[in-house]
Amino acid sequence: MDKVLVIEDDVMIGDMLLMYLSEEGYEVKRAAAAREGLKLAESFEPDIVLLDLVLPDGNGIEVCRELRSRSPVPIMVVSMKTDVFERVQALKAGADDFMCKPFSMHELTARIEAIIRRSRCPAVRAETAASTEGGQVLLDEERRLLFVDGRPVETTFSEFEIMKQFITHPGKAFSREELINAVRGFDSFVTERAVDVHIVNLRRKIEPNPKEPRRIRTVRGVGYKYTEDGPAADS
């Protein structure tokens with residue numbers, strides 16, 4: 001049984017999520033505050049976290065950042081905040097998805113299912129190496145690990161899925177829509193901006209010089225592609 005941790009201080013919404021997701025077959029626990037949520041994340045070991053941004057004892061962005069520093073668990077922010085800035089901040093802090101309240105319970109469960117399913121890729125090992133300055137980039141799908149020059153690099157669920165697309169299709173130009181569909185399995189209203197944020201984060205993690213990317217390149221008018229070597233490209 002998949003486990004969902006809900007960090008939500010609104011009693012009505014929290015109880016609704018608890019009841020609905022339990023009926024859908026999930027094991028669900030709810031925390032009404034930031035500190036309680038962080039403690040439950042350690043003891044409960046959820047398969048996904050649903051996180052509100054406004055909590056009585058802390059900022060949800062900081063909670064997201066703290067959760068991400070501890071674990072690669074997928075994080076879906078569920079918030080009343082609708083500005084693009086808030087969504088971008090959540091993604092930068094390590095969130096994998098963002099839903100605005102009010103939301104459809106059917107869409108929520110579809111996203112939860114897709115994220116959990118994709119976080120458990122089949123035991124197929126896929127590795128590739130980049131020969132650019134700064135060492136090799138290796139992706140191990142079986143253990144969901146990314147290595148740069150032999151050093152493990154932490155990635156979010158979405159970052160790993162994007163790198164998997166890049167590394168298994170070197171040289172292919174992906175549109176932003178193609179990349180986000182590969183991650184989530186369906187369209188999202190924050191598609192383009194979300195991909196741009198993930199690309200910035202990945203460049204910081206795998207590029208010798210993120211300001212002059214050699215591996216993840218911008219393809220003007222299209223999106224991005226991954227190359228194994230060559231001169232720096234426009235970012």
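Only the coordinates and a few stated rules stand behind these numbers; no lab work does. Just so you know, these numbers come straight off a predicted model, no measurement behind them. In this analysis, Cβ positions are derived from the backbone assuming ideal geometry, glycine residues included, and neighbour counts consider all displayed protein chains.
One table, with the values for the structure above:
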item	result
Karplus (6.51, -1.76, 1.60) ³J(HN,Hα), θ = phi - 60°, over the range 72-78, in Hz, Gly and Pro reported as x	x, 3, x, 10, 10, 7, 10
Segment Ala114-Met80, length gained on full extension (0.36 nm per residue, minus Cα span)	10.0 nm
Read-out Rg/Rh (Cα atoms, Kirkwood Rh), derived from the coordinates shown; its label in (1) 0.94; (2) 1.06; (3) 0.98	(3)
Hits among lysines - C-alpha to C-alpha of Lys3 under 20 Å, sequence gap 8 or more where chains match	Lys29, Lys39
Cα-based helix-to-principal-axis angle, 34-44 vs the chain, degrees rounded to 10	80 degrees
Nearest 10 degrees, 0 to 90: helix 191-206 Cα axis against the chain principal axis	60 degrees
Degrees separating the helix 157-168 axis from the principal Cα axis of the chain, which is the longest one	30 degrees
Reachable lysines from Lys101, criterion Cα separation under 16 angstrom, eight or more residues apart if same chain	Lys81
Computed FRET value (nearest 0.05) for Val54 with His169, which takes r as the C-beta separation and R₀ as 35 Å	0.30
Added length on full extension, which subtracts the Cα-Cα distance from 0.36 nm per residue, Asn209 to Val153	18.6 nm
